[in-house]
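Reviewing the structure listed below.
All of the numbers you see were taken from the coordinates with simple rules; none came from a lab. Everything numeric here is computed off the predicted structure, so don't read it as measured data. Cβ: placed from backbone, ideal geometry, glycine included. Neighbour counts: every protein chain shown.
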């Protein structure tokens, strides 16, 4: 049996995301953000040390979309192990990482659609749910939409 690394031997990243949908003239739409790595994702991202997961989600959605949101409930918590050689950025090749993604259902309560400047996404857009399958996207988008009833 292979011995697994002790928790001090890998990095952990806690992130929170939101599934935000609306009905626009009878068409179900989802709010997505375009990740700088070339795929669409749910708005959200890394939770800061002093934040709750909920606070991090609300902040990240605002930073990436310009919308203020209220969380309507937990949809799922996903985990993934990313080997050191698959990590992006400054930590590539140094240590494996356990990614923990907390995904909430949310609704817009204010703000205006804007694009993040200088962050990890560069566009936010309402996309008809029926068109999501044709987009380059991260896997959590499909899983989250299924959990949200689409």
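Structure values in brief
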{"read-out": "Gained length - residue 10 relative to residue 129, 0.36 nm times residue gap less alpha-carbon distance", "value": "39.2 nm"}
{"read-out": "Over the chain, relative contact order from alpha-carbon pairs under 8 Å, at least 6 apart, %", "value": "31"}
{"read-out": "Fewest-first ranking of 82, 77, using other Cβ atoms within 10 Å as the exposure measure", "value": "77, 82"}
{"read-out": "Inter-probe distance in nm under a simple model that places probes 7 Å from Cα toward Cβ, at residue 55 and residue 28", "value": "3.4"}
{"read-out": "Helical mean residue ellipticity (222 nm; -39500 (n - 2.57) per DSSP H run of 4+; nearest 500) of the chain", "value": "-4500 deg cm²/dmol"}
{"read-out": "Backbone N within segment 96-126 under 17 Å of label point (7 Å from residue 147 Cα along the Cβ vector)", "value": "99-107"}
{"read-out": "Directionally averaged projected area (convex hull, Cα atoms, segment 47-117), nm²", "value": "5.9"}
{"read-out": "In degrees, nearest ten, helix 53-65 long axis to first principal axis of the chain (Cα)", "value": "60"}
{"read-out": "Quotient of C-alpha Rg and 2.2 N^0.38 Å, computed over the chain", "value": "1.08"}
{"read-out": "Per-peptide average of other Cβ atoms within 10 Å, ordering 24-36, 50-62 highest first", "value": "50-62, 24-36"}
{"read-out": "DSSP beta bridge pairing in the chain, given as percent antiparallel to the nearest 5", "value": "75"}
{"read-out": "Protection proxy ranking, peptides 134-144, 98-108, 6-16, average beta carbon neighbours within 10 Å, highest first", "value": "98-108, 134-144, 6-16"}
